[in-house]
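The values are calculated or read from the model by the stated rules, or taken from the named source; none is laboratory data. Not measured: the values here are computed from a predicted model. Cβ: placed from backbone, ideal geometry, glycine included. Neighbour counts: every protein chain shown.
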Amino acid sequence: MLNIENLHAKVGDKPILKGLSLKVKAGEVHAIMGPNGSGKSTLSYILSGRPGYEIVEGRVDYMGKDLLAMAPEIRAREGVFLAFQYPVEIPGVSNKYFLKAAYNARAKHRGEPELDAGPFLKLIKEKARAVEMDPAFLSRSVNEGFSGGEKKRNEILQLAVLEPRLAILDETDSGLDIDALKIVASGVNRMRSPERAFIVVTHYQRLLDYIVPDFVHVLSGGRIVKSGGKELALELEKKGYGWIDAGQPA
Amino acid sequence: MSESAVLPDARSPGWRFTPQDALTRPRFAPAAPPAALTPLAGRVLCPVGFHRVALVNGRWESAHALLDLPAGIRVESWRGEGGARGGAPAAAAGLGDQAFACARDGVVVTVAAKVRADRPIHIVHVADAADRAQISHARVMIRLERGARAEVIEEFVSFGEAPSWKNVFARADLDEDAELVHYRVLHDAAQGRTTYALDAELGARARCESFLFQLGGAFAREDLHARLSGEGAQLGLGGLSLLRAGEVADAHAVVEHSAVGGRTRHLHKAVLDESSRFVFEGLIHVHPGAQKTDAQVYNRNLILSETARVHSDPEFRIFADDVSCRHGGAIGRLSAESLFYLRSRGVDEAEARRMLVYAFGAEMIERVGQESLREALSAALRERMPEGREARA
């Protein structure tokens, strides 16, 4: 599904990714762990098309297409979804209006029928129940005045409504207490399927107790320096990132 | 008496930041009645269910009037030569003084004590200029006696190919406990200009909700002067200006608190595209003795192009010591973070921009209590989107 080859990227003059390669197949859950500043969020943003990054070298193939050549909205309609670490507040745009615009843009792109307000509201109310979100939030402005946990739940609601092929969760556990973390994780687990892949970006192992990955990769200095199964996350938790960095050239 | 207007000195206070070009060129001649009457259907925002009168080129037009007034409400022509304010206007006089002096006609709305108007009163100011640039003057008086309540919507439109300028003076008198909801909706065509001066006086416990919507035209200006002279008077001022191309809009307001316990809330927003220009001056003057005044004035502007310009000046002059006064101004662009967030969900860039601009303006429109007007304004806001324009092209 996703094939990242030797990706080099920089912000301004600062190189962030320095030869990152990663293959993700449908149905797999990959965790990407790494210390602060290792390039985890940059990778998430580059895959979703945020402006401001310069690709110096390498390529990203997604479903047989050149992902980096697509505008962010096209990537989204082709099934790429980023759950933001810091979801943006948009005063004046209601959650349900925003979700409907996103849903119908994707449906139109795929030649599927668009939904009118009535049937769409029914759909999102069901999805909101699944992430234990009060339906009142659907009428409120996007993320405005939401708590940290409510914002993350809103991201998972969007994930559930848009049903992406490739979901990237960027530090979804940050700022969540254990109850919110469980709700968010069960929302994600319900979405796991043989057709869908996840990239779970996280600093801590904690989230991976609830979203159990098939593969764990350690990102350091802009490259993946170690890959393994889920036990690698536990080892990292025990030994710290210094264990990885010690074995790397400066 | 000349019916052309004499512009204030470009360096005088209130005009320093306003380009006057649209008012100095071409040369505006006094307007004559149009050869044929243009129907209003489909050209005004308000539905026909309101009490309606129209001034066409500054003259009361009976053919457009829809009046079925209950007892206690009068809506009448204010015919007669002007000059009641003291002869020919001097160059130093404001445009409002000139409108008052030069007008031959106008509208007087009177609501008797304790009467609540059953329906909104809709005053349409029409400029109809077929082949030569013209100016028309008019005056409006809104008088609410003690405890009366009314909603008045003044709508400004321009028809015809030639440039036109409507210069209007209005006065609103609210006796004790009176309540006025007053809208000015300016949506002139590209050749239209409107200058509007409003003097308002609020008696004790009077309440006035006042809205200004500037939605089009080469030049749109309001000079509002409100006096809260009775105890506990309340004034809400809301405004929204949507500007594009080379349009110029000005919103000037001076609010004087001279009695105890007055309250003012003023918020004006503007969205500027292309090479448009907006000037906001909002002064709240708290006189000695006006203790417990609670007043706020804010101006927020959203700039969509590199060439648009804003001058923003919210200001207080306070001569009382037990008051709560806040003011602020902001000029910004669409947030790149918000744009990316919307696009990352599949919303295309043009639609994302449209959603964010709409959200900015909608805050003002949502305050409009009158439902049919709110819907018409909402549609007008969508229509004014840069992308809405592309979609129609």
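Would you check if there is a residue in the range A:73-89 being outside any helix (DSSP H, G or I), more than 13 Å from every other protein chain (Cβ to nearest Cβ), closer than 22 Å to A:Asn189 by Cα and in contact with a helix residue (DSSP H, G or I) (Cβ under 8 Å, 6 or more places away or on another chain)? So that I can check it myself, show each step before the final result.
Going residue by residue through the range A:73-89, those that are outside any helix (DSSP H, G or I) are A:78-89.
Still in the running and more than 13 Å from every other protein chain (Cβ to nearest Cβ): none.
For the range A:73-89, residues outside any helix (DSSP H, G or I), more than 13 Å from every other protein chain (Cβ to nearest Cβ), closer than 22 Å to A:Asn189 by Cα and in contact with a helix residue (DSSP H, G or I) (Cβ under 8 Å, 6 or more places away or on another chain): absent.
Among the strands (runs of 3 or more DSSP E) confined wholly to the range B:181-228, which include 2 or more residues that are within 16 Å of B:His137 (Cβ to Cβ) and either of a type in the set (Lys, Arg) or in contact with a Gly (Cβ under 7 Å, 6 or more places away or on another chain) (or both)? Steps first, answer last, please.
Details: elements: B:192-202, B:207-214, B:219-228.
Where strands (runs of 3 or more DSSP E) fall fully within the range B:181-228 and carry at least 2 residues being within 16 Å of B:His137 (Cβ to Cβ) and either of a type in the set (Lys, Arg) or in contact with a Gly (Cβ under 7 Å, 6 or more places away or on another chain) (or both), they are B:192-202, B:219-228.
Report, by residue number, each residue of the range A:119-152 that is touching a strand residue (DSSP E or B) at 6+ places or on another chain (Cβ under 9 Å) and crowded, with 21+ Cβ neighbours inside 10 Å.
A:Val142, A:Asn143, A:Lys152
Would you mind telling me which numbered condition in (1) surrounded by 14 or more Cβ atoms within 10 Å (Cβ to Cβ); (2) without any contact (Cβ under 8 Å) to a residue 40 or more places away in the chain; (3) more than 12 Å from every other protein chain (Cβ to nearest Cβ) A:Ser38 fails?
(2)
Just one of B:Ala245, B:Ala259 is touching a residue at least 24 places away in the same chain (Cβ under 8 Å), in contact with a Ser or Thr (Cβ under 6 Å, 6 or more places away or on another chain) and not in a strand (DSSP E or B); which is it?
On the way: B:Ala245 fails: in contact with a Ser or Thr (Cβ under 6 Å, 6 or more places away or on another chain).
Step by step, each of B:Ala245, B:Ala259 is checked, and only B:Ala259 is touching a residue at least 24 places away in the same chain (Cβ under 8 Å), in contact with a Ser or Thr (Cβ under 6 Å, 6 or more places away or on another chain) and not in a strand (DSSP E or B).
Would you check if there is a residue in the range B:153-175 being touching a Pro at 6+ places or on another chain (Cβ under 6 Å), aliphatic (A, V, I, L, M) and in the same structural domain as B:Val48 (by TED's automatic domain parsing)?
yes
When residues of the range A:100-139 are filtered for being away from chain B (no Cβ under 13 Å) and among the charged types (D, E, K, R), how many remain?
8
Results for (1) over 30 Å from A:Asp209 (Cα atoms); (2) touching a Lys or Arg at 6+ places or on another chain (Cβ under 7 Å); (3) not in a loop (DSSP other than H, G, I, E, B), shown as yes or no for each residue.
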| site | (1), (2), (3) |
| --- | --- |
| A:Pro15 | yes, no, yes |
| A:Asn36 | no, no, no |
| A:Tyr45 | no, no, yes |
| A:Pro51 | yes, no, no |
| A:Tyr97 | yes, no, yes |
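Any idea which of A:Tyr86, A:Tyr45 is of a type in the set (Ser, Thr, Tyr) and at pLDDT 95 or above? Walk me through how you get there before you give the answer.
On the way: A:Tyr86 fails: at pLDDT 95 or above.
Only one candidate passes the filter, namely A:Tyr45.
Can you find a residue that is without any contact (Cβ under 8 Å) to a residue 40 or more places away in the chain, closer than 23 Å to A:Gly27 by Cα and part of a helix (DSSP H, G or I) anywhere in the range A:209-225?
At the first step, the residues of the range A:209-225 found to be without any contact (Cβ under 8 Å) to a residue 40 or more places away in the chain are A:209-210, A:225.
Those left that are additionally closer than 23 Å to A:Gly27 by Cα: A:209-210.
Still in the running and part of a helix (DSSP H, G or I): A:209.
Looking for residues that are without any contact (Cβ under 8 Å) to a residue 40 or more places away in the chain, closer than 23 Å to A:Gly27 by Cα and part of a helix (DSSP H, G or I), one finds at least one in the range A:209-225, hence yes.
What number goes with the only condition from (1) over 13 Å from B:Val347 (Cβ atoms); (2) touching a helix residue (DSSP H, G or I) at 6+ places or on another chain (Cβ under 7 Å); (3) assigned to a helix (DSSP H, G or I) that A:Arg106 does not pass?
(1)
For residues in the range B:104-119 being touching an Asp or Glu at 6+ places or on another chain (Cβ under 9 Å) and in a loop (DSSP other than H, G, I, E, B), which is modelled with the lowest pLDDT?
First, pick out the residues of the range B:104-119 that are touching an Asp or Glu at 6+ places or on another chain (Cβ under 9 Å): B:104, B:107-117, B:119.
After this cut, where a residue has to be in a loop (DSSP other than H, G, I, E, B) as well, the list is B:104, B:112-115, B:117, B:119.
Numbers: B:Arg104: 92, B:Ala112: 98, B:Ala113: 98, B:Lys114: 98, B:Val115: 98, B:Ala117: 95, B:Arg119: 95.
Residue satisfying both the conditions and the ranking: B:Arg104.
Applying the selection to the range B:37-79, what residues are free of Cβ contacts under 8 Å to residues at least 12 places away in the same chain and of a type outside the set (Ser, Thr, Tyr)? Before the answer, list the steps.
From the range B:37-79, those free of Cβ contacts under 8 Å to residues at least 12 places away in the same chain are B:39, B:41-42, B:62; that's our starting set.
B:Pro39, B:Ala41, B:Gly42, listed by residue number.
Which number in (1) of a type outside the set (A, V, I, L, M); (2) touching a strand residue (DSSP E or B) at 6+ places or on another chain (Cβ under 7 Å); (3) at negative phi; (4) more than 14 Å from chain B (Cβ to nearest Cβ) marks the one condition that A:Glu155 misses?
(4)
Can you tell me which residue is nearest to the other protein chains (Cβ to nearest Cβ) among those in the range A:43-72 that are without any contact (Cβ under 8 Å) to a residue 60 or more places away in the chain and farther than 25 Å from A:His109 by Cα?
Filtering the range A:43-72 for residues that are without any contact (Cβ under 8 Å) to a residue 60 or more places away in the chain and farther than 25 Å from A:His109 by Cα, the one nearest to the other protein chains (Cβ to nearest Cβ) comes out as A:Gly52.
May I ask you to list pairs of residues, at least six apart or on different chains, whose Cβ atoms are under 6 Å apart, with the first in the range B:181-194 being crowded, with 24+ Cβ neighbours inside 10 Å and the second being among the β-branched types (Val, Ile, Thr) and at pLDDT below 95?
Qualifying pairs under 6 Å: none.
Select, from A:Ala76, A:Ala107, the only residue that is within 30 Å of A:Pro135 (Cα to Cα), over 19 Å from the mean Cα position of the chain (by Cα) and modelled with pLDDT of 95 or more. Break it down stepwise before answering.
Numbers: A:Ala76 fails: over 19 Å from the mean Cα position of the chain (by Cα).
Answer to the check: A:Ala107.
From the set of residues in the range B:257-284 that are β-branched (Val, Ile, Thr) and in contact with a strand residue (DSSP E or B) (Cβ under 6 Å, 6 or more places away or on another chain), which is surrounded by the fewest Cβ atoms within 10 Å (Cβ to Cβ)? Lay out the reasoning, then the answer.
Filtering the range B:257-284 down to residues β-branched (Val, Ile, Thr) leaves B:260, B:264, B:271, B:279, B:284.
After this cut, where a residue has to be in contact with a strand residue (DSSP E or B) (Cβ under 6 Å, 6 or more places away or on another chain) as well, the list is B:264, B:271, B:279, B:284.
Values: B:Thr264: 26, B:Val271: 25, B:Val279: 23, B:Ile284: 28.
The selected residue is B:Val279.
Does A:Val88 count as surrounded by fewer than 21 Cβ atoms within 10 Å (Cβ to Cβ) and either β-branched (Val, Ile, Thr) or touching a Ser or Thr at 6+ places or on another chain (Cβ under 6 Å) (or both)? Steps first, please.
Values: surrounded by fewer than 21 Cβ atoms within 10 Å (Cβ to Cβ): yes; either β-branched (Val, Ile, Thr) or touching a Ser or Thr at 6+ places or on another chain (Cβ under 6 Å) (or both): yes.
Here the answer is yes, as A:Val88 does meet what is asked.
A:Gly145 versus (1) of a type outside the set (S, T, N, Q); (2) part of a loop (DSSP other than H, G, I, E, B); (3) in contact with a Phe, Trp or Tyr (Cβ under 7 Å, 6 or more places away or on another chain): which is the lone unmet condition?
(3)
Among the helices (runs of 4 or more DSSP H) contained in the range B:285-393, which hold 1 or more residues that are surrounded by 21 or more Cβ atoms within 10 Å (Cβ to Cβ) and either aliphatic (A, V, I, L, M) or within 14 Å of another protein chain (Cβ to nearest Cβ) (or both)?
Numbers: elements: B:336-343, B:349-365, B:371-383, B:386-392.
Ranges flagged: B:336-343, B:349-365, B:371-383.
Confirm whether A:Arg206 is surrounded by 14 or more Cβ atoms within 10 Å (Cβ to Cβ), of a type in the set (Lys, Arg) and closer than 30 Å to A:Glu78 by Cβ. Can you show your working first?
On the way: surrounded by 14 or more Cβ atoms within 10 Å (Cβ to Cβ): yes; of a type in the set (Lys, Arg): yes; closer than 30 Å to A:Glu78 by Cβ: no.
No, not satisfied.
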